[in-house]
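First comes the structure, then the notes that go with it.
The values are calculated or read from the model by the stated rules, or taken from the named source; none is laboratory data. Keep in mind that this is a model prediction, so the values were computed, not measured. Cβ sites come from the backbone with ideal geometry, for glycine too, and all protein chains shown count toward neighbours. Side chains are part of the model used for accessible areas, which takes the heavy atoms of the whole protein and leaves out ligands, DNA and RNA. Shrake-Rupley method; radii C 1.70, N 1.55, O 1.52, S 1.80 Å.
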Amino acid sequence: MKQKWIGFASLLLIVSLWTIATIVHPQPARAADQDITGFIFDEQEVPIARAEVTLLLDGEAAETVESQENGAFVLIVPGEVAAAEIKVKRSHFDAVTIPLAPTQIAALADGESITVDDITLVRHFGAAFWVATLTFLGMLGLIAVEKLHNTLTALLAVAIVFLVTTLGAYFNEGLYIFNFEQALRYVDFEVIFLLLGMMIVIGVIEETGVFQYLAYQAYRLSGGRVWLLVIILIFLTAIVSALLDNVTTMLMMTPIILQIGIALGLDPLSLLLPAVMASNIGGISTLVGTPTNILIGSYASLSFNDFLANLTPGVLLALVGLIVYTILRYRKQYGQSGGTMAPALLAQLEKNAQIEHPGELRKAGIVFAGLLLLFVLGESFHLPPVM
C-alpha cells in the first residue's frame with residue numbers, strides 16, 4: 001500500500017509540474033536584408049539547440065532568438081549599428097559574449113548580411129548537474145536494495161528532477177535541469193514500443209515450454225556425446241538470442257541447462273558459461289537481439305538488414321572460436337562424463353520439455369515471423385516503417 005501511494009504521488013507531482021511549467025518555444029527566423037547568422041556547438045562539435053542568443057547594440061538588448069536543432073540562429077539587425085555584441089546563454093553551459101569586428105559592423109552598415117564564426121559553448125557542471133547525478137545514484141541505490149519497485153523508484157526520481165527544475169529554478173537558475181517538453185525529446189518511443197512488442201511475444205512463448213523442449217531435443221540429437229551437446233547448445237542459444245532478447249533467453253534456458261548438466265554428472269557451469277557467452281555473441285547479430293542494438297539502431301538510423309549483413313560474419317567466427325575454446329577448456333570434464341543419464345532423470349527431463357498450449361505457440365510464432373518479415377522486406381523494398 002505504501003508503494004502504491006508513493007507511485008501515485010510521484011505521478012501526480014509530475015503531471016502538476018508539467019501543467020504549471022513555462023514552456024518557451026523557439027522563435028521562427030524572419031527574413032531581412034540585414035541579419036547575423038551563425039551556428040552554436042558544444043566542445044564535441046554537437047549542435048546546441050534552444051540556446052538563447054541576444055544581439056546587444058551599445059550594451060542594450062536589441063533582439064533575442066533561440067538556436068534551432070542544427071545549432072543555427074538568425075539575428076535581425078534593426079537600423080544603424082555602431083557597436084554590437086552577441087551574447088549566447090544556455091543552461092548547463094558557460095555564457096559567452098562575442099563582440100563584432102569593425103569589418104563586420106561596416107558590412108552591416110552597408111546593408112549586408114554577415115555570418116559569424118561557429119560559437120563553441122563550454123559545459124558548466126553546476127548545481128543542476130550534481131542534483132541530477134545524486135538523484136540518479138539514489139535511484140540506483142533504491143533499485144539495488146529493492147526497497148521500492150523499480151518502476152516506482154524511476155517515477156520518484158523523475159518527480160524529484162521536475163520538482164527541482166520547476167520550483168528550485170525560481171530561486172536559483174543554476175538548479176534548472178530540463179522541463180517536461182525537453183524530457184520528451186530524450187525519450188525514444190521507437191525503442192520503447194519495439195521492446196514492448198517483443199516482451200508481449202516472449203511472454204506468450206515462455207509459457208509454452210518451448211525453451212525446455214529445444215534444450216531437451218539438443219540432448220537427444222547429441223546422442224550422449226557431450227562435446228556435440230555443447231556445440232548444439234551454443235548454436236541454439238545464439239540463434240534464439242538473435243531473434244529474442246538475450247536476457248530473457250538465458251532466463252528460460254538456464255534451468256534446463258543446469259538440469260542436464262547435473263543429470264550427466266557434469267559441473268553445470270561447464271554447460272552454462274558457454275551458453276551465456278553464446279547468448280551475448282548471438283544477440284549482437286540482429287537489431288532486436290539486445291536492447292543495446294535497438295538503441296544504437298534507432299540513434300544511428302541503422303536497419304535490421306544493416307545489423308544482419310555486417311555483424312553476422314563476425315558473429316559466426318566468434319561462435320567458432322567459442323566452440324574451440326570451450327572444448328579445450330572443459331575437455332577433461334567432458335571426457336569424464338559417460339554422456340548418459342538415469343532413466344528416471346531422462347523421463348523427468350522429457351516430461352518437463354512437453355510443450356503446453358501449442359496453439360498459443362503457433363500464434364506467437366506467426367506474429368513474430370511476420371514482424372521479422374516486415375523488418376527485412378521493409379528495408380529491401382523501402383516500405384514505410386512499421387512504427
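Among the helices (runs of 4 or more DSSP H) contained in segment 188-295, which hold 1 or more residues that are in contact with a Leu (Cβ under 8 Å, 6 or more places away or on another chain) and without any contact (Cβ under 8 Å) to a residue 12 or more places away in the chain?
Those helices (runs of 4 or more DSSP H) span 210-222, 226-243, 246-263.
Restricting to segment 78-91, and then to whatever is of a type outside the set (A, V, I, L, M) and touching a residue at least 40 places away in the same chain (Cβ under 8 Å), can you tell me which residue is nearest to G59 (Cα to Cα)?
Here the answer is R90.
Given the criteria at pLDDT 65 or above and touching a Phe, Trp or Tyr at 6+ places or on another chain (Cβ under 9 Å), does A278 qualify?
yes
Is it the case that segment 140-149 has a residue that's open to solvent by 80 Å² or more (accessible area, probe 1.4 Å), at pLDDT 80 or above, in contact with a Gly (Cβ under 7 Å, 6 or more places away or on another chain) and at negative phi?
no
Among the residues that make up segment 17-40, is at least one of them at pLDDT below 80, open to solvent by 80 Å² or more (accessible area, probe 1.4 Å), outside any loop (DSSP other than H, G, I, E, B) and among the hydrophobic types (A, V, I, L, M, F, W, C)?
The answer is yes, given that some residue of segment 17-40 is at pLDDT below 80, open to solvent by 80 Å² or more (accessible area, probe 1.4 Å), outside any loop (DSSP other than H, G, I, E, B) and among the hydrophobic types (A, V, I, L, M, F, W, C).
Quickly run through segment 105-128 and pick out the residues that are touching a strand residue (DSSP E or B) at 6+ places or on another chain (Cβ under 6 Å) and in contact (Cβ under 8 Å) with a residue 60 or more places away in the chain.
S113, I114, T115, V116, D118, I119, T120, L121, R123
On the given criteria, is Q104 within 30 Å of M253 (Cβ to Cβ) and either surrounded by 13 or more Cβ atoms within 10 Å (Cβ to Cβ) or of a type in the set (A, V, I, L, M, F, W, C) (or both)?
Here the answer is no, as Q104 does not meet what is asked.
I'm checking my understanding of the structure. Among residues of segment 114-126 that are more than 34 Å from the chain's Cα centre (by Cα) and open to solvent by 60 Å² or more (accessible area, probe 1.4 Å), which one is nearest to L55 (Cα to Cα)? I'd like the intermediate steps shown before the answer.
Applying the first criterion (more than 34 Å from the chain's Cα centre (by Cα)) to segment 114-126 yields 114-117.
Cutting the leftovers down to open to solvent by 60 Å² or more (accessible area, probe 1.4 Å) gives us 115, 117.
Working: T115: 14, D117: 15 Å.
Across segment 114-126, the extreme among qualifying residues is T115.
State the number of residues belonging to segment 60-94 that are part of a loop (DSSP other than H, G, I, E, B) and open to solvent by 60 Å² or more (accessible area, probe 1.4 Å).
Counting residues in segment 60-94 that are part of a loop (DSSP other than H, G, I, E, B) and open to solvent by 60 Å² or more (accessible area, probe 1.4 Å) gives 7.
Please state which one of A242, A263, A218, A183 is surrounded by 15 or more Cβ atoms within 10 Å (Cβ to Cβ) and closer than 30 Å to T165 by Cβ.
Only one candidate qualifies: A183.
Suppose we filter G174, G224, G197 for residues that are in contact with a Gly (Cβ under 7 Å, 6 or more places away or on another chain), more than 30 Å from S91 (Cβ to Cβ) and not aromatic (F, W, Y); which single one remains? Walk me through how you get there before you give the answer.
On the way: G174 fails: more than 30 Å from S91 (Cβ to Cβ); G197 fails: in contact with a Gly (Cβ under 7 Å, 6 or more places away or on another chain).
Going through G174, G224, G197 in turn, the sole match is G224.
Within segment 143-166, restricting attention to residues that are free of Cβ contacts under 8 Å to residues at least 12 places away in the same chain and in contact with a helix residue (DSSP H, G or I) (Cβ under 9 Å, 6 or more places away or on another chain), which residue is nearest to G289 (Cα to Cα)? It would help to see each step written out before you state the result.
Within segment 143-166, the subset free of Cβ contacts under 8 Å to residues at least 12 places away in the same chain is 143-147, 150.
Narrowing further to those that are in contact with a helix residue (DSSP H, G or I) (Cβ under 9 Å, 6 or more places away or on another chain): 143, 147, 150.
Working: I143: 25, K147: 31, N150: 23 Å.
Taking the candidates together, the pick is N150.
From the list L295, L316, L271, L258, which residue is open to solvent by 10 Å² or more (accessible area, probe 1.4 Å), under 23 Å from V226 (Cα atoms) and touching a helix residue (DSSP H, G or I) at 6+ places or on another chain (Cβ under 8 Å)?
Unique residue meeting the criteria: L258.
Determine if segment 154-170 includes at least one residue that is more than 30 Å from I86 (Cβ to Cβ), surrounded by 17 or more Cβ atoms within 10 Å (Cβ to Cβ) and of a type in the set (G, A, S).
For segment 154-170, residues more than 30 Å from I86 (Cβ to Cβ), surrounded by 17 or more Cβ atoms within 10 Å (Cβ to Cβ) and of a type in the set (G, A, S): present.
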